[in-house]
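Below is one structure; the comments refer to it alone.
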Amino acid sequence: MSQNIYDFSAEDYKGDPVELKDYQGKVMLIVNTASACGFTPQYKGLQELYAKHKEQGFEVLAFPCNQFREQEKGDNAEIKQFCDLQFNIKFPLFGKIEVNGDNAHPLFNFLKEQAPGILGSKGIKWNFTKFLVNKEGKVIKRYAPATKPQAIEADIEKLL
């Protein structure tokens, strides 16, 4: 099993491979997202955090997922179009993945292992679960879907 977040790669929404080592030295907030969820408006807050802190070395990495009540039915191009039109996001959008089960993306298996949920749960319960990663690639904290991006800002600022 990989020991470092930088050992992973994933495809962006265009299907191009992205090495997480490209984000070395940056603070990252990694989020599983969905376009038709009650928490979808958090895209706005994520974009605001990104815009405010990107010059200081902050990245938001969004990973669309359709595992929770099929709230991300579109293909990657449709998801990107939705995010651009509704929220004008500028942070990286990855291709649709699974975060739980046999086909879970290895990155999310690693994140869940490093930062278990409540009572040590390894699964992800819903869209917009967030993982904060420091500049050294260490998973610092996991945030519940209901945690608004603005509530994480102080933790991000401590790491920048």
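When you restrict to C-alpha pairs under 8 Å that are six or more residues apart and normalise by the size of the chain, the relative contact order lands at 30 percent.
Using the number of other C-beta atoms within 10 angstrom as an exposure proxy, rank Y6, Y50, Y43 with the fewest first.
Y6, Y50, Y43
The alpha-carbon of K21 sits under 21 angstrom from the alpha-carbons of these lysines, leaving out residues fewer than 8 places away in its chain: K54, K90, K96, K112, K130, K135, K138, K141.
Under a model in which nothing but the beta-carbon of Lys, Arg (+1) and Asp, Glu (-1) is charged, the range 1-82 shows a dipole of about 300 debye around its Cα centre.
So what is the calculated 222 nm ellipticity per residue for the chain, using -39500 (n - 2.57) for each DSSP H run with n of 4 or more, over all residues, to the nearest 500 deg cm²/dmol?
Working: 4 runs with 40 residues, N = 160.
It lands at -7500 deg cm²/dmol.
Its alpha carbons considered, the chain gives a radius of gyration followed by a Dmax of 14.2, 38 Å. Sequentially through the range 88-95, phi angles give Karplus couplings (6.51, -1.76, 1.60; θ = phi - 60°) of 6, 5, 10, 7, x, 10, 9, x Hz, Gly and Pro residues having no value and appearing as x.
Each reported figure results from applying straightforward, stated rules to the coordinates on display, with no laboratory input. Owing to the predicted nature of the structure, the values given are computational and were not obtained by experimental measurement. As a convention, Cβ positions derive from the backbone with ideal geometry for all residues, glycine included, and neighbour counts pool all protein chains shown.
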